[in-house]
Structure formats: C-alpha cells, structure tokens
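Notes for the one structure printed next.
The values are calculated or read from the model by the stated rules, or taken from the named source; none is laboratory data. Bear in mind that the values here come from a model prediction, so they are computed numbers and not experimental data. Neighbour counts are summed over all protein chains in view; Cβ atoms, including those assigned to glycine, are modelled from backbone coordinates with ideal geometry.
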Amino acid sequence: MYFLGFTAILLILIWFLQIFFLNNYYEDMKIRRTQESANQLVQLYQADNRDGFTTLANQITEDNDVFVRLDAGDKMLYPSIETLAYGNEIADARNGLQSAADNGKNTYTFTEVNDLNQKRTYIFATYLDDSNTTTLYVITPLYPIRSTVAILQNQFLYIFAIALGLAILLAYWLTARMTRPIRRITATAKKMAAGEYGTVFEVDRKGFSEIRELSETLNQTSYELSKAEALQKDLLANVSHDLRTPLTMIRSYAEMIRDISGDKPEKRNAHVQVIIDEANRLNTLVNDMMVLSQMQAGTMELNVTTFDILAATESIANPYRLLEANGYDIRIKCKENYMVVGDEDKIKQVISNFLTNAIKYCGADKQILLNIRRWDNKIHFEVVDHGAGIKPDELAHIWERYYKSSTNHVRATKGSGLGLSIVSEILTLHKARFGAESKVGKGTTFWFELPLAEEPEPVVGKLPRDTRPINISPDDRKRRIHKR
C-alpha cells in the first residue's frame, strides 16, 4: 500500500506539472529564451561582429521560431520577411521604445494580444547606439497550446493506467517475495517457541540477503537451544545421580551400623569411615557447584599477582610423591624459574586438577610429565599422560559440566565431575589460552598459557592488557611443532 500510494502521488504531481502549469511554463520559457537571444545579438552588434550577428539571427530564427529585425532609421538592415506580418506590433514597439527613451531607458518589452484571434506575441525592442537611430526588434509568437494540452491529457490517461498497473504488479511481486519467507520463518519460529528445539529454518539462497542472514541466525539459535536443552537434561541427570549415590550409601551404612555393626568396633569404624567419605564427597560436590556458579555469574574476582610458576607446580606435585611407592613417575621439566602474572591460588587449582586427572588415567607406565617452557612472552604449561586418550568427537566437550568421555565411565572415588568446568572458568577469567590434545591409545595433554611478568611488576588486581583472548577449541588451535 505504501508503494502504491507513493506511485499515485508521483503520477498526480506529474499531472499537475505537465497539464495545469504547462501553459505558464511554456510562455515563461519562450520569453526567457527570447531575452537571452536578444542580449547575445546586442553584444555581437556592439562588438562590431556583423558576421556573428547575422549567423546568430539566422540560427535563432530557424531553431526557436524567433524573428529578428534590425532598422537604421527608416531603413531595414537585417530583413526578416516574417517580421512584415508583425507591422502593428513593431509600430507599437517603436512608440513604446521612444517613450522609454524619454525616461532614460533604451529597452522596451511587451506582450501584445490580437483581439480577433487571441494571438499573443512577445516583442523585445532596444536601441543599439547613443543616437537612438539603430533599433533591434526580436519577436516571438506565443502560440496557444490548448490542443497540445488536450493531447497530453489523453496521453497521460494511458500513461497513468499503465504506470499504476505496473506499480501494482511490482508491489505485489516484491511483497510476495519478501513476506513469503518471513511467513515461513514465523511459522517455524512458533514451533521453536512451543519447545521444538532443533527446528530447521529454510534458507532461501536466492532471496533477500537480510532474510537469508536471519534464517541462518535462527538456525544457529535453534541449534544452541537444542544443545542447551540436552545439556540441561544431562546436568539434571548427573546431579541427581551424583547426589543420590552418596546419600544412598550414607543411609545404607548408617542402617548397617544400627542393625549389624553397632556393637563391633572394627566394622563400625569401617562403616563410619564410608559415611564420612561420602559426606566429604557431597561437600566437595556442593562446594564445586557453588564455585562454578560464582565464576559463571561473574561475582568471583581474581587476586592477580606475580609468582613463580615452577615453585607453584612443585608445591602441588610434592604431596603426590607418595604415589611413587606405587610405581607412579611424576616429572617436572623446567629450565629456569619463570615469573608469571595471575591468581596463584586459582592457577594452583588448575594444575592440581590437571595432575589429578593425569594420575587417574595415566596408563600402564604410570608416567606423568609436567612441562614448563617459554614461548615468546608467554609461559606454556602442559600436563602429559600416556593413558587411553579421548576420542576426537568427545574432546571438545570435556570442559562441560559432568561430562565424562566414553573411556571414563567408572565412578570416581573422589571429585565432583566439575573439575574441568572450574578449570575452564578460571582460565577464562585470566583471559588465558588453554586446551587439550589427545590420541586414543597414546595419551592426553592438557595445557594453558600465562603471560610472563615484566618490570615493573603489575598492580595487584589487574591483568596485563596484552593477554590474548581465550581459545578453548582444540580444532581451531594451531600449535607450534616442538620436541617434548
């Protein structure tokens, strides 16, 4: 409707300009061109350019239907035969020019109307010398254009009908092309709003680019919503399982103490220890959930300082040295002490989580490597094990809550299942690059990077400005090839 209204207004405007105002416009244009031609003739004559005067007079007579006459007294210097038909007009112009000369003017213009046929004529008269003997007359007839207007009116009716018809067709075509995909998108969006996540929006590759981009964006939204729904279901299932299992064991062992081992100190102590362990597991799970929620809500702040990454690593690894009696081989490789910028306690938590995972799944050789090396202005930290590894399609999901790869389905005796999620949030707060690499049957490498400290030391509570943005996708990361 807007398009058709615009077309109608445009046609009506053209109607008024071409029909109702055509007569006035025509006369104004003819008079203006006559005056311009007369001024040019005056300049050529006064410049004593007789050839140029004659050439211009002939040209405007032929092209513009303008008649020129040049008189010197009673003698006609430039004859224009057509001007003989304007004897009365020239006589009136001569009398008017003489009256104008008496008032100090040497130019006289007027429009004369013939009473018999209503013929209108415009006359320009001027003296070309100081003695007022040489006179230039420029005459142009102002023909009535009623018949022309009538023709244009009839013609404009056809133009109006054709233009309006084309406008209707074009408006209908554009409207249909634009609204049809929008209606499809709306119908599909209603399904998604009703809970059908994963609905696919049709992408019209030949349509408008904005609608195509909208469809692609909604497809991405639909995918993310379906993914979030699946994660939510998994989260509820995993939380329910992780809470139910220790609660069930606590209840079972409490009943065993009541019914069986209450009077037997050795068995009772063993059962009580199970209850204590499961209660600790519950406490760990709840604490980890609270920490993770605080991090994701953005309420946790970092205490950023400069610290020795090697010293921090050794403080975490030393308690695990007791496992060497069971055949474990934990090695730290670092050429020198590197000072880095970050929250030392949080980074220790990251190292501890990586090391704990490596010990759980280190493989038959029970060897864990903690490599610390410098790359440009960064410190690259990695924990390497030679265990069963993680499948490529599962590697990108290990940072999600409660996710466990298909190779790790056994319920751990310790931990909450939120460790890597917490690690991801900690390193994200540090704006650090991190990731994981793994080959099935070869082992897994967890890594992260921190900026080296510079002099002067950074102010506590602020991160350096040159820290790179997080990149947690192992598929997108192109690691440098180096020898371990």
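For the reader, a short list of remarks on this structure follows.
- Screening T428 on (1) at pLDDT below 85; (2) surrounded by fewer than 19 Cβ atoms within 10 Å (Cβ to Cβ); (3) of a type in the set (S, T, Y) shows it passes everything except condition (1).
- Residue selected from the stretch 95-128 under the condition out of contact with any Phe, Trp or Tyr (no Cβ under 9 Å at 6 or more places or on another chain) and closer than 20 Å to L41 by Cα, by the criterion surrounded by the fewest Cβ atoms within 10 Å (Cβ to Cβ): K105
- For the stretch 308-319, filtered to residues that are free of Cβ contacts under 8 Å to residues at least 40 places away in the same chain and crowded, with 17+ Cβ neighbours inside 10 Å, the residue that is farthest from L369 (Cα to Cα) is A312.
- Residue within the stretch 213-234 that is in a helix (DSSP H, G or I), surrounded by 14 or more Cβ atoms within 10 Å (Cβ to Cβ) and among the basic types (K, R) present: no
- If you go through the stretch 431-451 and keep only what is over 14 Å from L395 (Cβ atoms) and assigned to a strand (DSSP E or B), you end up with F448, E449, L450, P451.
- Within the stretch 442-460, the presence of at least one residue that is at pLDDT 90 or above, on the phi > 0 side of the Ramachandran plot and in the same structural domain as A358 (by TED's automatic domain parsing) is confirmed.
- One residue from D92, D74, D48 being closer than 19 Å to Y127 by Cα, at pLDDT 85 or above and surrounded by fewer than 12 Cβ atoms within 10 Å (Cβ to Cβ): D48
- Of all the listed residues (L157, L164, L247, L174), the sole one being modelled with pLDDT under 85, assigned to a helix (DSSP H, G or I) and in the same structural domain as L282 (by TED's automatic domain parsing) is L247.
- Hits in the stretch 329-357 (condition: among the polar types (S, T, N, Q) and under 15 Å from W447 (Cβ atoms)): N353, N357
- Selection within the stretch 320-338 - crowded, with 17+ Cβ neighbours inside 10 Å, assigned to a strand (DSSP E or B) and touching a residue at least 40 places away in the same chain (Cβ under 8 Å): I330
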